[in-house]
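The values are calculated or read from the model by the stated rules, or taken from the named source; none is laboratory data. No experiment lies behind these values; they were computed from the predicted model shown. Backbone-built Cβ (ideal geometry, glycine too); neighbour counts: all protein chains shown. Ligands, DNA and RNA are excluded from the accessible area calculation, which covers all protein heavy atoms including side chains. Shrake-Rupley method; radii C 1.70, N 1.55, O 1.52, S 1.80 Å.
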Amino acid sequence: MNKIKILVLLFLCVSTLSTQAQYSYFGTRGRIYFDKITYIKARLKSAAQNSPNGGFGRGMFNTDNMPESTTQKLLLYFDENSTLLVTDPSAENASEGARAGNRAIAGAGMVGRRGNTVAGAPRGGTVTARGGERARLQGETRIGMSGSRPNNATKVMFQDLKKKTTNLQIEVDENYIITDTINQITWRFTDEYRNIAGFECRRANGATADSLYLVAFFTDEIPVSAGPAFTSGLPGMILGLAIPEMHIQYWATKVEYTNNTVPADWKNKKSTTITFDDFLKSFGRFYQRGRDSNSSKRQVQEQLIY
């Protein structure tokens, strides 16, 4: 009799575990809180190293009291068809340290160097850029004759995953919504795994069409092929993203599932809709600084997106 009871209990336990596994929840709607970390001193150092005379930045900025990095709180809404990345309205982003860092970065111009190592990844890890990467324009380069800069606090990034299009809303001298197609990224999977915000994530190394190197950590527990900064193309949501040359990293801190679709009321009604090519024609020369038009296009894309 006791043996029968034991067998019945074992059967019930196995059935329960099987049912739980069968109905594991893989949500496709929700919001993800991200920390965007910008390593200010590393960017300024790279700018100095890549200046034509090798001395850019000497005496221009007092970095002694400058923080190593600044953190911006971002919020990514997602559903089956789209994502929306905005500044987290519940977070305080306008610290004096962040403002000082942004002012310094604004004057940095060219930054990024082959083989840069950026520390600060979760669990003490580092993400290293591969050799052969070209230096690029970073920071908040001035746009327009008036010398105004993009306001990152008001930047909105909408990605239509079905139509494979992007909408970038920025405030320069006026508000613009820049339309473009999703940037194609070539990914290579690795066997490195990392827990981010409670999710097991796998590392993939990526390269854009213009050879910008990316490191992403994605989870298939959120079956939406997307991520921050218009990233996509992996079999799951990107919860960690590093752009070593730009000394910028995105790390998810919390994931919340909801039944809501991505908010549709994000557009500023006073914004002017413009294609990326038309935006480049109007403002690309202020990024070009003597370089060819293709280089200018790459610089504008990378600076506005990341």
Original post:
Scanning for something closer than 16 Å to Tyr33 by Cβ and in contact with an Asp or Glu (Cβ under 6 Å, 6 or more places away or on another chain), does the range 195-214 turn up at least one residue?
Top reply: yes
Original post:
Out of (1) free of Cβ contacts under 8 Å to residues at least 60 places away in the same chain; (2) buried (at least 22 other Cβ atoms within 10 Å of the Cβ); (3) out of contact with any helix residue (DSSP H, G or I) (no Cβ under 9 Å at 6 or more places or on another chain), what's the single condition that is false for Leu214?
Top reply: (3)
Subject >> Subset of the range 204-256 (residues that are under 12 Å from the mean Cα position of the chain (by Cα) and among the polar types (S, T, N, Q)) >> reply: Thr231, Ser232, Gln249
**OP:** Kindly indicate whether Met66 is over 19 Å from the mean Cα position of the chain (by Cα), at pLDDT 75 or above and in a loop (DSSP other than H, G, I, E, B).
**Re:** yes
Original post:
Inside the range 155-192, can you point out the residues that are among the hydroxyl-bearing types (Ser, Thr, Tyr), within 25 Å of Glu80 (Cα to Cα) and open to solvent by 20 Å² or more (accessible area, probe 1.4 Å)?
Top reply: Thr165, Thr179, Thr181, Thr186
Original post:
If a residue has to be in contact (Cβ under 8 Å) with a residue 12 or more places away in the chain and under 16 Å from Val86 (Cα atoms) to count, how many in the range 254-270 make the cut?
Top reply: 9
Subject >> Any pair with Cβ under 6 angstrom, 6 or more apart, that starts in the range 158-171 at a residue that is over 15 Å from Ala264 (Cα atoms) and modelled with pLDDT under 95 and ends at one that is in a loop (DSSP other than H, G, I, E, B) and not hydrophobic (A, V, I, L, M, F, W, C) >> reply: Ile170/Pro150; Ile170/Lys155; Glu171/Asn151
**OP:** Scan the range 263-284 for residues that are assigned to a helix (DSSP H, G or I) and open to solvent by less than 10 Å² (accessible area, probe 1.4 Å) and jot them down.
**Re:** Phe279
Subject >> Filtered residue count, the range 269-295, keeping only those that are of a type in the set (S, T, N, Q) and at pLDDT 65 or above >> reply: 5
